[in-house]
1. Give me 211, 125 sorted ascending by neighbouring Cβ count inside 10 Å, so fewest comes first.
2. Could you give the Stokes-Einstein D for the stretch 21-71 in µm² per second, using the C-alpha Kirkwood radius, 37 °C, 0.692 mPa s?
3. Based on DSSP H runs of at least 4 residues, each adding -39500 (n - 2.57), what is the mean residue ellipticity at 222 nm of the chain after dividing by all its residues, to the nearest 500 deg cm²/dmol?
4. How would you rank 195, 182, 93, 209, going from fewest to most other Cβ atoms within 10 Å of each one's own Cβ?
5. Please report 134, 305, 250 as a ranked list, fewest other C-beta atoms within 10 angstrom at the top and most at the bottom.
6. Find the relative contact order for the chain and round it to a whole percent, using C-alpha pairs within less than 8 Å whose residues are 6+ positions apart.
7. What fraction, in whole percent, of alpha-carbon pairs in the stretch 226-271 exceed 16 Å separation?
8. Scan (i) 53, 52, 44; (ii) 53, 47, 44; (iii) 66, 43, 34 for the value of Cα extents along the principal axes in Å calculated from this model and give just the label.
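Bear in mind these aren't lab numbers, they're just calculated from the coordinates by the rules spelled out. Just so we're clear, the structure is a prediction, and the values are computed from it rather than from any experiment. Note: ideal-geometry Cβ built from the backbone for every residue, glycine included; neighbour counts use all protein chains shown.
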């Protein structure tokens, strides 16, 4: 557990650096948006391509992944139901999509891998969730956000929207290379891998910059949606995952594993998506911050409850 908590400390230091840079480095007002755009169009696609290319897509077919996917979908839907008609002002389609994502899209990479390694003893346990989110959830979410932004919902817009998104294209190309066994020449693969390594720290810096100048959970139309998302993410999703695991007859070890992975905080990528489409930024920022802060005590509580 101590080694897993080092992942939280690492994130905290990088986020704090972003906050300090925005506050005291004299950066231009649009620095945060420019950094987010760079991550969205260049760095993250490189990271996604290399990750999917090296993955074994057969991990998508397993009972624990069925539990994780069902729990995530349940939280997506529950957030939409809990916040419907209960927030001041008219909520846009994009904001509602962002709220649902914050409730069920987990940080399976940067926090999930160390937790799977040091708490569950097997880093491979988180790989199916990473693949599910990259190959299925992300393309659907980005396509819906694209439609919400443009206002077009025709079949042609629905089909072509993912193909205009650099991250979805990167995931699809990575899946193609994974299935066919093709490999890029080293002279091309090495720069792509290097740029991909920069994606996570840079997006964390941009996230830290967003924390400067506004109090977390400040009064506003997104407060209810944020609280609902954090409660679903930290408490609702692991509870649903555990119950599903029991219903499906999974072993105690697997039930514990899916519960721990369901309690992972909201992924920083959700903030990146909101930044790209200009929607739900405060909601995503606060939900990521609070769910990350509450994740460690939630994991300790899950460990205690499942081992009574």
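1. 211, 125
2. D, rounded to a whole number, is 229 µm²/s.
3. -21500 deg cm²/dmol
4. Ascending number of Cβ neighbours within 10 Å: 182, 93, 195, 209.
5. Going from least to most buried by this count: 305, 250, 134.
6. Taking the mean separation of contacting Cα pairs over the length of the chain, I get 34 percent.
7. For the stretch 226-271, the share of Cα pairs beyond 16 Å comes to 40 percent.
8. (i)
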